[in-house]
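The structure appears below as structure tokens.
The values are calculated or read from the model by the stated rules, or taken from the named source; none is laboratory data. Keep in mind it's a predicted model, so treat the numbers as computed, not measured. In this analysis, Cβ positions are derived from the backbone assuming ideal geometry, glycine residues included, and neighbour counts consider all displayed protein chains. Accessible surface areas use protein heavy atoms only, side chains included; no ligands, DNA or RNA. Shrake-Rupley method; radii C 1.70, N 1.55, O 1.52, S 1.80 Å.
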Amino acid sequence: MVSPMLPIPPAVVKCKHCERGYWLVDAEKIGTVDLWQETHQIVDPEEININHVGEPSEYEYYSFIQTNLAKDGKQEKLLRILAWWRRNDNFRDVSCIPKESTVSTACRENLEALLKLLNPKSDQDQIMKGEILRELGQFEAAQKVLNGIIFTKHTAIVNLILSWCANEYTCVGILQPSPSIND
């Protein structure tokens, strides 16, 4: 369903029946429902044989990477970013985030592989690189990358990540240090 008030559908989904992952753009379109039409439409999932899908977990993304779901470097980069984001979802909506987080072997391998796919000529990719290095605890390397970003449009986020590096925060989602961290 596409609707302005709903979250953006994931790029990769998994079938809830067979657990197979696939790119949503490759899914066969079998129909649409216009929620804003004056006449109410009723769609019977049995009638049109809808297969239910869900967003993959962090570890399912890793599995999809291993099974070569990506057809090219661009898709591999996206899969690795999506796996990283799913991992980071664990740190959202938490009232007190610890100064450090534990990075699993699978996550570390994913982030290290993602670093190799980032474009050194793209400021956005270099910001991502700095953030990955920070999360991996490589603060000096992260600072070096981030200090090389010149475009002023990104100054606020670069400075934020640099401040996290200076305080040696590896955890996601720390917008400002919690009082318990500084005590």
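Sorting Glu109, Glu131 on solvent-accessible area from highest to lowest, probe radius 1.4 Å, gives Glu109, Glu131.
A cut-off of 5 Å between modelled amide H atoms, ignoring neighbours fewer than 5 places along the same chain, links Ala27 with no other residue. On the beta carbon distance between Asp123 and Ala27, with R0 = 45 Å, the FRET formula returns roughly 0.85.
Once you have the Kirkwood Rh of the range 98-140 from its Cα pairs, apply Stokes-Einstein at 20 °C and 1.002 mPa s and quote D in µm²/s. In µm²/s, the coefficient is 197.
Which shape class applies to the range 61-172: rounded if a/c is under 1.5, otherwise prolate when a/b exceeds b/c and oblate if not, where a ≥ b ≥ c are the square roots of the Cα gyration tensor eigenvalues? Because a/c hits 1.5 or more and a/b fails to exceed b/c, the range 61-172 counts as oblate. In order along the range 104-116, the phi-based Karplus estimate (6.51 cos²θ - 1.76 cosθ + 1.60, θ = phi - 60°) of 3J(HN,Hα) comes to 5, 4, 4, 5, 4, 4, 5, 5, 5, 5, 4, 3, 6 Hz; Gly and Pro are listed as x. Each of the peptides 15-23, 81-89 was scored by the mean count of other Cβ atoms within 10 Å over its residues; in descending order, highest first, they stand as 81-89, 15-23.
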